[in-house]
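*Asks:* Have a look at this one.
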Amino acid sequence: MQKQNLSYALSYFCFLVLFCIGALFYRQPFTAILLLLLIILPFLSVFFTSRTAKKIRMQFHTATNSVEQGYPILFTITVNNPSFFPLLNCNLSFSYENLFYPKNTAEILSIPANFRKETKFSLSFDTAYAGMVQIEFDTLFVTDYLHLYTFRIPLKKSFRIPVLVPSVPYTAPILFSKVENEGEEDNVTSHLGLPSGEIKEIREYRPGDKLQNIHWKMSAKTDDLLVKEFDRQAEHFPVIIPELYKNKIQDTLLTLNSLCEALLAKQEIFRILLFHPGDKSFSTHTITDRESLHQTLLTIYFQPLYPIPHYARDTFLEETDGSKSFICI
(Lines give C-alpha, C1' and ligand atoms only; values in the text may rest on other atoms or scores of the structure.)
Protein backbone atom coordinates (compact mmCIF):
# COMPACT_ATOMS: atom_id res chain seq x y z
CA MET A 1 0.00 0.00 0.00
CA GLN A 2 1.25 3.46 -0.90
CA LYS A 3 0.63 6.80 0.79
CA GLN A 4 -2.05 7.86 -1.67
CA ASN A 5 -4.02 4.69 -0.82
CA LEU A 6 -4.25 5.57 2.88
CA SER A 7 -6.74 8.39 2.38
CA TYR A 8 -9.01 6.12 0.30
CA ALA A 9 -8.73 3.30 2.85
CA LEU A 10 -9.55 5.63 5.77
CA SER A 11 -12.47 7.13 3.85
CA TYR A 12 -13.87 3.71 3.07
CA PHE A 13 -13.43 2.58 6.71
CA CYS A 14 -15.23 5.69 8.00
CA PHE A 15 -18.05 5.12 5.53
CA LEU A 16 -18.30 1.49 6.67
CA VAL A 17 -18.48 2.54 10.34
CA LEU A 18 -21.18 5.10 9.62
CA PHE A 19 -23.13 2.52 7.63
CA CYS A 20 -22.87 0.07 10.56
CA ILE A 21 -24.27 2.72 12.91
CA GLY A 22 -27.11 3.41 10.49
CA ALA A 23 -27.83 -0.32 10.14
CA LEU A 24 -28.05 -0.72 13.95
CA PHE A 25 -30.38 2.27 14.18
CA TYR A 26 -32.82 1.24 11.42
CA ARG A 27 -32.57 -2.56 11.90
CA GLN A 28 -33.72 -3.40 8.35
CA PRO A 29 -32.85 -6.76 6.67
CA PHE A 30 -31.55 -5.16 3.47
CA THR A 31 -29.02 -3.09 5.45
CA ALA A 32 -27.40 -6.27 6.70
CA ILE A 33 -27.04 -7.52 3.12
CA LEU A 34 -25.52 -4.21 2.03
CA LEU A 35 -23.17 -4.26 5.00
CA LEU A 36 -21.98 -7.74 4.05
CA LEU A 37 -21.38 -6.61 0.47
CA LEU A 38 -19.45 -3.56 1.65
CA ILE A 39 -17.22 -5.77 3.79
CA ILE A 40 -16.55 -8.23 0.96
CA LEU A 41 -16.13 -5.61 -1.78
CA PRO A 42 -12.57 -4.46 -0.84
CA PHE A 43 -11.30 -8.05 -0.85
CA LEU A 44 -12.88 -8.71 -4.25
CA SER A 45 -11.47 -5.47 -5.67
CA VAL A 46 -7.91 -6.27 -4.54
CA PHE A 47 -8.17 -9.95 -5.56
CA PHE A 48 -9.36 -9.40 -9.13
CA THR A 49 -6.94 -6.51 -9.65
CA SER A 50 -4.06 -8.71 -8.48
CA ARG A 51 -5.03 -11.55 -10.82
CA THR A 52 -5.41 -9.21 -13.79
CA ALA A 53 -2.21 -7.25 -13.11
CA LYS A 54 -0.16 -10.45 -13.27
CA LYS A 55 -1.43 -11.10 -16.80
CA ILE A 56 -0.62 -7.67 -18.19
CA ARG A 57 2.05 -7.65 -20.91
CA MET A 58 3.78 -4.52 -22.19
CA GLN A 59 6.01 -4.02 -25.21
CA PHE A 60 8.11 -0.98 -26.07
CA HIS A 61 9.28 -0.27 -29.59
CA THR A 62 11.07 2.54 -31.34
CA ALA A 63 12.19 2.65 -34.96
CA THR A 64 14.62 5.42 -34.06
CA ASN A 65 18.27 4.34 -33.84
CA SER A 66 19.41 7.95 -33.73
CA VAL A 67 17.89 11.37 -34.36
CA GLU A 68 19.17 14.79 -35.21
CA GLN A 69 18.88 17.48 -32.57
CA GLY A 70 15.46 19.11 -32.66
CA TYR A 71 13.61 16.05 -33.96
CA PRO A 72 11.45 13.98 -31.56
CA ILE A 73 12.11 10.44 -30.39
CA LEU A 74 8.98 8.36 -30.96
CA PHE A 75 7.98 5.29 -28.96
CA THR A 76 5.12 2.86 -29.50
CA ILE A 77 3.85 1.19 -26.33
CA THR A 78 1.62 -1.88 -26.55
CA VAL A 79 -0.50 -2.94 -23.58
CA ASN A 80 -2.04 -6.41 -23.75
CA ASN A 81 -4.70 -7.32 -21.17
CA PRO A 82 -5.98 -10.89 -21.82
CA SER A 83 -8.27 -10.85 -18.78
CA PHE A 84 -12.02 -10.17 -18.70
CA PHE A 85 -11.48 -7.36 -16.17
CA PRO A 86 -10.30 -3.92 -17.29
CA LEU A 87 -7.71 -2.07 -15.24
CA LEU A 88 -8.95 1.46 -14.66
CA ASN A 89 -5.96 2.83 -12.76
CA CYS A 90 -2.65 2.03 -14.47
CA ASN A 91 0.32 4.40 -14.22
CA LEU A 92 3.62 3.92 -16.01
CA SER A 93 6.73 5.30 -14.30
CA PHE A 94 9.58 6.29 -16.61
CA SER A 95 12.61 8.57 -16.70
CA TYR A 96 14.07 10.56 -19.57
CA GLU A 97 17.48 12.21 -19.41
CA ASN A 98 20.43 13.32 -21.48
CA LEU A 99 23.62 11.85 -20.00
CA PHE A 100 25.22 15.30 -20.27
CA TYR A 101 22.44 16.66 -18.01
CA PRO A 102 21.56 13.85 -15.57
CA LYS A 103 18.43 14.09 -13.44
CA ASN A 104 16.78 11.70 -11.00
CA THR A 105 13.15 12.68 -11.44
CA ALA A 106 10.59 10.15 -12.62
CA GLU A 107 7.58 10.88 -14.81
CA ILE A 108 4.16 9.23 -14.47
CA LEU A 109 1.95 8.41 -17.44
CA SER A 110 -1.61 7.05 -17.17
CA ILE A 111 -2.17 4.27 -19.69
CA PRO A 112 -5.24 2.26 -20.76
CA ALA A 113 -5.61 -1.47 -20.10
CA ASN A 114 -8.91 -2.48 -21.65
CA PHE A 115 -10.19 -6.02 -21.12
CA ARG A 116 -9.50 -8.68 -23.76
CA LYS A 117 -7.79 -6.14 -25.95
CA GLU A 118 -4.37 -5.04 -27.16
CA THR A 119 -4.00 -1.26 -26.96
CA LYS A 120 -1.27 0.77 -28.68
CA PHE A 121 -0.38 4.38 -28.08
CA SER A 122 2.52 6.66 -28.96
CA LEU A 123 4.91 8.57 -26.75
CA SER A 124 7.10 11.42 -28.00
CA PHE A 125 10.26 12.87 -26.43
CA ASP A 126 11.71 16.22 -27.44
CA THR A 127 15.44 16.57 -28.15
CA ALA A 128 16.56 20.06 -27.24
CA TYR A 129 20.22 19.10 -26.80
CA ALA A 130 22.68 16.76 -28.49
CA GLY A 131 24.01 13.82 -26.50
CA MET A 132 23.08 10.31 -25.44
CA VAL A 133 19.44 10.17 -24.36
CA GLN A 134 18.51 7.43 -21.91
CA ILE A 135 14.86 6.44 -21.56
CA GLU A 136 13.99 3.90 -18.88
CA PHE A 137 10.56 2.43 -18.26
CA ASP A 138 10.82 1.43 -14.64
CA THR A 139 7.56 0.33 -13.02
CA LEU A 140 3.87 -0.18 -13.80
CA PHE A 141 1.62 0.81 -10.90
CA VAL A 142 -1.80 -0.86 -10.91
CA THR A 143 -4.39 0.32 -8.35
CA ASP A 144 -7.54 -1.62 -7.56
CA TYR A 145 -11.03 -0.27 -8.32
CA LEU A 146 -11.50 1.22 -4.83
CA HIS A 147 -8.00 2.71 -4.70
CA LEU A 148 -7.24 0.70 -1.59
CA TYR A 149 -4.06 -1.02 -2.77
CA THR A 150 -1.47 -0.42 -5.51
CA PHE A 151 0.53 -3.23 -7.08
CA ARG A 152 4.04 -2.60 -8.41
CA ILE A 153 5.05 -4.47 -11.57
CA PRO A 154 8.76 -3.99 -12.36
CA LEU A 155 9.58 -3.47 -16.04
CA LYS A 156 13.22 -2.33 -16.26
CA LYS A 157 13.21 -1.56 -19.98
CA SER A 158 15.99 0.83 -20.90
CA PHE A 159 16.86 2.48 -24.23
CA ARG A 160 19.77 4.68 -25.24
CA ILE A 161 19.35 6.79 -28.35
CA PRO A 162 22.02 9.23 -29.60
CA VAL A 163 20.87 12.73 -30.51
CA LEU A 164 23.25 14.00 -33.18
CA VAL A 165 24.25 17.60 -33.75
CA PRO A 166 23.00 19.08 -37.03
CA SER A 167 25.39 19.32 -39.97
CA VAL A 168 26.46 22.95 -40.32
CA PRO A 169 29.03 23.94 -42.98
CA TYR A 170 32.40 24.91 -41.50
CA THR A 171 33.39 28.16 -43.20
CA ALA A 172 36.30 29.36 -41.02
CA PRO A 173 39.93 28.66 -42.06
CA ILE A 174 41.21 25.35 -40.68
CA LEU A 175 44.07 26.49 -38.46
CA PHE A 176 46.09 24.77 -35.77
CA SER A 177 47.43 26.41 -32.63
CA LYS A 178 51.12 26.66 -31.91
CA VAL A 179 51.45 25.36 -28.40
CA GLU A 180 53.96 28.01 -27.32
CA ASN A 181 51.45 30.80 -28.03
CA GLU A 182 49.50 32.10 -25.04
CA GLY A 183 46.45 33.58 -26.78
CA GLU A 184 43.52 31.38 -27.71
CA GLU A 185 43.34 32.86 -31.21
CA ASP A 186 47.07 32.69 -32.08
CA ASN A 187 47.07 30.15 -34.90
CA VAL A 188 49.26 29.00 -37.78
CA THR A 189 48.35 26.74 -40.65
CA SER A 190 49.40 23.12 -40.66
CA HIS A 191 49.76 20.54 -43.46
CA LEU A 192 46.65 18.39 -43.38
CA GLY A 193 47.49 14.73 -43.71
CA LEU A 194 50.64 15.26 -45.78
CA PRO A 195 51.38 12.17 -47.98
CA SER A 196 54.77 10.52 -47.42
CA GLY A 197 55.54 9.80 -51.09
CA GLU A 198 55.66 6.04 -50.55
CA ILE A 199 52.97 4.11 -52.41
CA LYS A 200 51.00 1.92 -50.02
CA GLU A 201 48.95 0.09 -52.65
CA ILE A 202 47.38 0.29 -56.09
CA ARG A 203 43.61 -0.01 -55.98
CA GLU A 204 40.56 0.59 -58.13
CA TYR A 205 39.30 4.11 -58.60
CA ARG A 206 36.51 5.24 -56.26
CA PRO A 207 34.32 8.33 -56.73
CA GLY A 208 36.02 11.24 -54.96
CA ASP A 209 39.62 10.11 -55.58
CA LYS A 210 41.93 12.85 -56.77
CA LEU A 211 42.84 12.76 -60.47
CA GLN A 212 46.53 13.38 -59.75
CA ASN A 213 46.65 10.07 -57.85
CA ILE A 214 45.55 8.00 -60.85
CA HIS A 215 48.24 5.55 -62.04
CA TRP A 216 47.88 6.21 -65.77
CA LYS A 217 50.36 3.59 -67.01
CA MET A 218 48.78 0.68 -65.16
CA SER A 219 45.30 2.00 -65.97
CA ALA A 220 46.17 1.90 -69.67
CA LYS A 221 47.39 -1.70 -69.39
CA THR A 222 44.33 -2.98 -67.52
CA ASP A 223 41.67 -0.75 -69.12
CA ASP A 224 40.51 0.12 -65.60
CA LEU A 225 41.19 3.26 -63.60
CA LEU A 226 43.72 2.47 -60.87
CA VAL A 227 44.69 4.85 -58.08
CA LYS A 228 47.91 5.17 -56.11
CA GLU A 229 47.27 5.21 -52.37
CA PHE A 230 50.10 6.74 -50.35
CA ASP A 231 51.20 6.19 -46.80
CA ARG A 232 50.61 9.22 -44.66
CA GLN A 233 53.05 10.47 -42.11
CA ALA A 234 51.45 10.05 -38.70
CA GLU A 235 53.15 13.13 -37.31
CA HIS A 236 51.40 15.29 -39.89
CA PHE A 237 47.90 14.12 -39.00
CA PRO A 238 45.80 17.03 -37.72
CA VAL A 239 45.11 16.69 -34.01
CA ILE A 240 41.78 17.95 -32.64
CA ILE A 241 41.10 18.23 -28.92
CA PRO A 242 37.46 18.90 -27.99
CA GLU A 243 37.01 20.56 -24.61
CA LEU A 244 34.26 18.70 -22.77
CA TYR A 245 33.52 21.77 -20.69
CA LYS A 246 30.06 21.44 -19.17
CA ASN A 247 28.83 24.97 -19.89
CA LYS A 248 29.93 24.89 -23.55
CA ILE A 249 29.44 21.25 -24.54
CA GLN A 250 26.71 21.94 -27.13
CA ASP A 251 28.81 24.56 -28.92
CA THR A 252 31.80 22.23 -28.79
CA LEU A 253 29.88 19.36 -30.39
CA LEU A 254 28.50 21.56 -33.14
CA THR A 255 31.92 23.01 -34.02
CA LEU A 256 33.63 19.62 -33.79
CA ASN A 257 31.15 17.96 -36.14
CA SER A 258 31.35 20.80 -38.67
CA LEU A 259 35.16 20.83 -38.64
CA CYS A 260 35.39 17.05 -39.00
CA GLU A 261 32.94 17.06 -41.89
CA ALA A 262 35.06 19.72 -43.61
CA LEU A 263 38.23 17.64 -43.17
CA LEU A 264 36.51 14.50 -44.45
CA ALA A 265 35.29 16.42 -47.48
CA LYS A 266 38.99 17.14 -48.21
CA GLN A 267 39.70 13.41 -47.82
CA GLU A 268 41.96 14.08 -44.87
CA ILE A 269 42.83 11.64 -42.12
CA PHE A 270 42.97 13.22 -38.67
CA ARG A 271 42.88 12.34 -34.99
CA ILE A 272 40.64 13.32 -32.12
CA LEU A 273 42.11 13.24 -28.63
CA LEU A 274 39.57 12.74 -25.86
CA PHE A 275 40.60 13.92 -22.42
CA HIS A 276 39.71 11.82 -19.38
CA PRO A 277 39.74 14.06 -16.30
CA GLY A 278 39.75 11.14 -13.86
CA ASP A 279 43.35 10.11 -14.56
CA LYS A 280 44.26 13.09 -16.78
CA SER A 281 44.90 10.86 -19.78
CA PHE A 282 44.07 11.11 -23.48
CA SER A 283 42.62 8.45 -25.77
CA THR A 284 43.35 8.67 -29.49
CA HIS A 285 40.68 8.16 -32.16
CA THR A 286 41.78 8.14 -35.80
CA ILE A 287 39.11 9.43 -38.16
CA THR A 288 39.22 8.08 -41.70
CA ASP A 289 35.55 8.24 -42.74
CA ARG A 290 32.10 9.24 -41.49
CA GLU A 291 31.57 5.91 -39.75
CA SER A 292 34.66 6.35 -37.56
CA LEU A 293 33.58 9.94 -36.88
CA HIS A 294 30.12 8.73 -35.86
CA GLN A 295 31.60 6.14 -33.49
CA THR A 296 33.88 8.75 -31.92
CA LEU A 297 30.96 11.12 -31.37
CA LEU A 298 29.08 8.30 -29.62
CA THR A 299 32.13 7.78 -27.41
CA ILE A 300 32.10 11.47 -26.52
CA TYR A 301 28.46 11.19 -25.48
CA PHE A 302 29.49 8.82 -22.66
CA GLN A 303 32.41 10.95 -21.44
CA PRO A 304 32.16 12.82 -18.12
CA LEU A 305 32.06 16.58 -18.43
CA TYR A 306 34.30 18.81 -16.35
CA PRO A 307 33.59 22.25 -14.86
CA ILE A 308 37.02 23.73 -15.64
CA PRO A 309 37.43 25.57 -18.97
CA HIS A 310 40.51 24.71 -21.12
CA TYR A 311 41.24 21.70 -18.89
CA ALA A 312 42.16 19.42 -21.81
CA ARG A 313 44.23 22.07 -23.57
CA ASP A 314 46.26 22.94 -20.48
CA THR A 315 46.92 19.27 -19.71
CA PHE A 316 47.99 18.62 -23.31
CA LEU A 317 50.40 21.57 -23.17
CA GLU A 318 51.96 20.21 -20.01
CA GLU A 319 52.50 16.77 -21.54
CA THR A 320 53.83 17.84 -24.95
CA ASP A 321 56.15 20.67 -23.76
CA GLY A 322 55.38 22.66 -26.91
CA SER A 323 56.42 19.94 -29.35
CA LYS A 324 53.14 19.49 -31.26
CA SER A 325 50.52 21.61 -32.97
CA PHE A 326 46.80 21.05 -32.53
CA ILE A 327 43.41 22.68 -32.66
CA CYS A 328 41.37 22.95 -29.48
CA ILE A 329 37.60 23.32 -29.67
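*Asks:* In the chain, with Lys and Arg counted as +1 and Asp and Glu as -1 at Cβ, which of these residues, LEU211, ALA53, ILE111, has the Cα nearest the positive end of the dipole, that is, farthest along it?
*Replies:* Checking the options against the dipole of the chain, the answer is ALA53.
*Asks:* Then there is this: What order do you get for 89-100, 210-221 when each peptide is scored by the mean count of other beta carbon atoms within 10 Å, highest first?
*Replies:* Numbers: 89-100: 17.8, 210-221: 11.8.
For the peptides 89-100, 210-221, the packing ranking is 89-100, 210-221.
*Asks:* I would also like to ask the following. Please list THR284, THR150 in order of solvent-accessible area, largest first, computed with a 1.4 Å probe with all protein chains present.
*Replies:* Values: THR284 85, THR150 10 Å².
The ordering from most to least exposed comes out as THR284, THR150.
*Asks:* What percentage of the solvent-accessible surface of the chain, computed with a 1.4 Å probe over protein heavy atoms, is contributed by carbon and sulfur atoms? All intermediate terms of the calculation are to be shown ahead of the outcome.
*Replies:* Numbers: 11110 of 19510 Å².
Solvent-exposed carbon and sulfur of the chain make up 57 percent of the total.
*Asks:* Rank these by accessible area, largest first, 1.4 Å probe: LEU317, LEU264. Each step should come with its number before you reach the end.
*Replies:* Working: LEU317 55, LEU264 20 Å².
Largest to smallest exposure gives the sequence LEU317, LEU264.
*Asks:* Going by amide H atoms built from the backbone, whose H comes under 5 Å of the H on ILE214, apart from near neighbours?
*Replies:* LYS228
*Asks:* Would you mind classifying the range 289-329 by shape? Square roots of the alpha carbon gyration tensor eigenvalues, ordered a ≥ b ≥ c; an a/c under 1.5 is rounded, otherwise it is prolate if a/b is larger than b/c and oblate if not. If you can, show how the numbers build up before the last one.
*Replies:* Working: a/c = 3.17, a/b = 1.46, b/c = 2.17.
Verdict is oblate for the range 289-329.
*Asks:* Another one. For the chain, set up a GNM with springs between Cα atoms under 10 Å and report which of ARG203, ARG313, ARG51 has the largest fluctuation.
*Replies:* Of the options given, ARG203 has the highest mean-square fluctuation.
*Asks:* Sticking with this structure for a sec: With θ taken as phi - 60° and the coefficients 6.51, -1.76 and 1.60, list the Karplus ³J(HN,Hα) couplings across the range 264-279 in order, rounded to whole Hz; mark glycine and proline as x.
*Replies:* 5, 4, 8, 6, 9, 9, 8, 10, 10, 9, 9, 8, 10, x, x, 10
*Asks:* Given a 1.4 angstrom probe, what's the average accessible area per residue across the range 1-118, in square angstrom? Please list the in-between numbers first.
*Replies:* Working: 7950 Å² over 118 residues.
Counting only protein heavy atoms, the per-residue value for the range 1-118 is 67 Å².
*Asks:* Right, here's the next one. Using Cα-Cα distances under 8 Å and only pairs 6 or more residues apart, what relative contact order does the range 210-295 have, in percent? Write out the running numbers ahead of the final one.
*Replies:* Details: 82 pairs, mean separation 18.2, N = 86.
With pairs under 8 Å counted, the relative contact order is 21 percent.
*Asks:* Go through ILE327, ILE21 and list them by solvent-accessible area, largest first, probe radius 1.4 Å.
*Replies:* Working: ILE327 20, ILE21 100 Å².
Result, largest first: ILE21, ILE327.
*Asks:* Additional query: With the dipole of the chain worked out from charges on the C-beta (+1 for Lys and Arg, -1 for Asp and Glu) around the Cα centre, which of VAL239, PHE159, ALA128 lies farthest toward the positive end?
*Replies:* The listed residue farthest towards the positive side: PHE159.
*Asks:* While we're here: Which entries of LYS217/LYS266; LYS3/LYS156; LYS120/LYS246; LYS3/LYS248; LYS156/LYS246; LYS120/LYS248 have Cα-Cα distances beyond 32 Å here? Kindly include the intermediate steps, with their values, before the conclusion.
*Replies:* Working: LYS217/LYS266 26 Å; LYS3/LYS156 23 Å; LYS120/LYS246 39 Å; LYS3/LYS248 42 Å; LYS156/LYS246 29 Å; LYS120/LYS248 40 Å.
Pairs exceeding 32 Å: LYS120/LYS246; LYS3/LYS248; LYS120/LYS248.
*Asks:* Report the relative contact order of the chain, percent, no decimals, based on alpha-carbon pairs under 8 angstrom and at least 6 residues apart.
*Replies:* Working: 583 pairs, mean separation 48.9, N = 329.
Relative contact order for the chain comes out at 15 percent.
*Asks:* Rounded to whole Å, give me the distance from the Cα center of the range 74-113 to that of the range 22-38.
*Replies:* So the separation of the two Cα centres works out to 42 Å.
*Asks:* Express in Å², to the nearest 10, the accessible area of LEU74 obtained by rolling a 1.4 Å probe over the protein heavy atoms while all chains stay in place.
*Replies:* 100 Å²
*Asks:* Then there's this: GNM, the chain, Cα, under 10 Å: largest mean-square fluctuation among SER258, SER45, SER66?
*Replies:* Fluctuation is largest for SER45.
The values are calculated or read from the model by the stated rules, or taken from the named source; none is laboratory data. From a predicted model like this one, the values you see are computed outputs, not experimental measurements. Counting neighbours? That spans all protein chains shown, and the Cβs are built from the backbone with ideal geometry, glycine included. Side chains are part of the model used for accessible areas, which takes the heavy atoms of the whole protein and leaves out ligands, DNA and RNA. Shrake-Rupley method; radii C 1.70, N 1.55, O 1.52, S 1.80 Å.
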